[in-house]
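Shown next, in structure tokens, is the structure this report addresses.
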Amino acid sequence: MEHYFTNNENLKSEIKKLSYSYDNYVFSFLSDNGVFSKERLDYGSRFLLETYLRKKKSDPTSFLDVGCGYGFLGISISKILGVHGTLIDVNKRAVHLTKRNIDANEVDCEAKLSNVYDDVVDKYDLIITNPPIRAGKSVLLDILGNAKDHLTKNGECWFVMRKDHGVKSMIKTLENSYICEVIDKSKGFYVVMLKNKENSLTNM
Ligand SMILES: C[S@@+](CC[C@H](N)C(=O)[O-])C[C@H]1O[C@@H](n2cnc3c(N)ncnc32)[C@H](O)[C@@H]1O
């Protein structure tokens, strides 16, 4: 079975144009067959973005969007906050679309191919992700559990996950290494913020 994260170079291209506005910012995104949420912006991603913008506790100087798809989260944050973003995905078509969307929306971002953090070298104030549920628990744990290795000292990881996709048990697991805070909930989606427990304890 084909998933939105598999690289199928033979898949016919059918570019679609999606738009999004937030305050006075207007965005346009190209999407295509073979990428996540190709027909419309995903509700969970919008909820994550808008919750983050409303409730963020600090202003990041850099951020990483893990599993960027066609770039919705990263491109919007970069434009609205005026901050450099690094956007990564394992899906080649998604990275290609993200590069086109970065240019079209005139934002200061870079997009690259990476399997989880394999090609990530820097540390970031913010990691934001709508993680790929269908990729399985080990990929989810890799993205969320290892985020702390790619965060700056007071960095934060924000993610969205549905209750019926196991967000509560995921939080329980993550509590071994993070302070976890459920920031908001809507229609079964939870937005969760993670802070590295070790750094938070040394700040006390
Ligand atoms: C739920 S989608 C979110 C897409 C985008 N951030 C959005 O909000 O529309 C998850 C993304 O993770 C990507 N992905 C799946 N497995 C991955 C992996 N091992 N490493 C990096 N990205 C992965 C998928 O290709 C997909 O684009």
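The values are calculated or read from the model by the stated rules, or taken from the named source; none is laboratory data. Nothing here was measured: the structure is a model prediction, and the numbers come from that model. Because the Cβ atoms are built from the backbone with ideal geometry, glycine has one as well, and the counts that use them run over all protein chains shown.
Could you tell me whether any residue of segment 41-51 is among the small types (Gly, Ala, Ser) and either without any contact (Cβ under 8 Å) to a residue 40 or more places away in the chain or not in a loop (DSSP other than H, G, I, E, B) (or both)? Steps first, answer last, please.
We begin by selecting, within segment 41-51, every residue among the small types (Gly, Ala, Ser); these are 44-45.
Now drop any that are not either without any contact (Cβ under 8 Å) to a residue 40 or more places away in the chain or not in a loop (DSSP other than H, G, I, E, B) (or both), which leaves 44-45.
Checked segment 41-51: at least one residue is among the small types (Gly, Ala, Ser) and either without any contact (Cβ under 8 Å) to a residue 40 or more places away in the chain or not in a loop (DSSP other than H, G, I, E, B) (or both).
I'm trying to understand the selection: among the residues of segment 159-176, which are in contact with a Gly (Cβ under 7 Å, 6 or more places away or on another chain) and over 13 Å from Ile143 (Cβ atoms)?
Across segment 159-176, the qualifying residues are Arg162, Lys163, Asp164.
Regarding segment 166-184, can at least one residue be identified that is outside any loop (DSSP other than H, G, I, E, B) and among the basic types (Lys, Arg)? Can you show your working first?
Residues of segment 166-184 outside any loop (DSSP other than H, G, I, E, B): 167-174, 178-184.
Applying the additional criterion that residues be among the basic types (Lys, Arg) yields 168, 172.
Yes, there is a match, as at least one residue in segment 166-184 is outside any loop (DSSP other than H, G, I, E, B) and among the basic types (Lys, Arg).
Which numbered condition trips up Ile102, out of (1) assigned to a helix (DSSP H, G or I); (2) of a type in the set (A, V, I, L, M); (3) away from the ligand (no atom under 12 Å from the Cβ); (4) more than 24 Å from Gly34 (Cβ to Cβ)?
That leaves (4) as the condition not met.
Among what's in segment 26-76 and is within 11 Å of the chain's Cα centre (by Cα) and on the phi > 0 side of the Ramachandran plot, pick the residue that is farthest from the ligand (Cβ to nearest atom).
Result: Gly71.
Filter segment 152-162 down to the residues that are surrounded by fewer than 21 Cβ atoms within 10 Å (Cβ to Cβ) and touching a Lys or Arg at 6+ places or on another chain (Cβ under 8 Å), then identify the one that is nearest to Lys187 (Cα to Cα).
Checked segment 152-162; the qualifying residue nearest to Lys187 (Cα to Cα) is Asn154.
Based on what the data block shows, is Met204 at pLDDT below 95 and not in a helix (DSSP H, G or I)? Walk me through it before giving the result.
Details: at pLDDT below 95: yes; not in a helix (DSSP H, G or I): yes.
Yes, satisfied.
Tell me which of these Asp118 doesn't satisfy, since it passes every other one: (1) farther than 26 Å from Ser186 by Cα; (2) modelled with pLDDT under 95.
(2)
Which members of segment 113-143 meet the condition of being part of a loop (DSSP other than H, G, I, E, B), under 24 Å from Gly166 (Cβ atoms) and within 7 Å of the ligand (Cβ to nearest atom)? Lay out the reasoning, then the answer.
Restricting attention to segment 113-143, the residues satisfying the condition of being part of a loop (DSSP other than H, G, I, E, B) are 114-123, 130-132, 136.
Among the residues that remain, those that are also under 24 Å from Gly166 (Cβ atoms) are: 115-117, 130-132, 136.
Once the filter is applied, which keeps residues that are part of a loop (DSSP other than H, G, I, E, B), under 24 Å from Gly166 (Cβ atoms) and within 7 Å of the ligand (Cβ to nearest atom), segment 113-143 yields Asn115, Val116, Asn130, Pro131, Pro132.
Could you look through segment 2-25, keep only residues that are out of contact with any strand residue (DSSP E or B) (no Cβ under 9 Å at 6 or more places or on another chain) and part of a strand (DSSP E or B), and pick out the one that is nearest to the ligand (Cβ to nearest atom)?
Looking at the filtered set, the residue picked out is Tyr22.
Give the residue that is surrounded by the most Cβ atoms within 10 Å (Cβ to Cβ), with candidates limited to residues of segment 18-58 that are farther than 21 Å from Asn105 by Cα and of a type in the set (D, E, K, R).
Lys56
May I ask you to verify whether Leu141 is on the phi < 0 side of the Ramachandran plot and surrounded by fewer than 16 Cβ atoms within 10 Å (Cβ to Cβ)? Full working, then the answer.
Values: on the phi < 0 side of the Ramachandran plot: yes; surrounded by fewer than 16 Cβ atoms within 10 Å (Cβ to Cβ): yes.
It is true that Leu141 is on the phi < 0 side of the Ramachandran plot and surrounded by fewer than 16 Cβ atoms within 10 Å (Cβ to Cβ).
Which numbered condition in (1) away from the ligand (no atom under 12 Å from the Cβ); (2) in a strand (DSSP E or B); (3) not aromatic (Phe, Trp, Tyr) is the only one that Met161 fails?
(1)
Being within 25 Å of Tyr190 (Cβ to Cβ), at pLDDT 95 or above and touching a Ser or Thr at 6+ places or on another chain (Cβ under 6 Å) is the requirement here; does Gly67 meet it?
Yes, satisfied.
Being among the hydrophobic types (A, V, I, L, M, F, W, C) and either closer than 13 Å to Ser76 by Cβ or surrounded by fewer than 17 Cβ atoms within 10 Å (Cβ to Cβ) (or both) is the filter here, so list the residues in segment 88-125 that pass it.
Answer for segment 88-125, where residues must be among the hydrophobic types (A, V, I, L, M, F, W, C) and either closer than 13 Å to Ser76 by Cβ or surrounded by fewer than 17 Cβ atoms within 10 Å (Cβ to Cβ) (or both): Ile102, Ala104, Val107, Cys109, Leu113, Val121.
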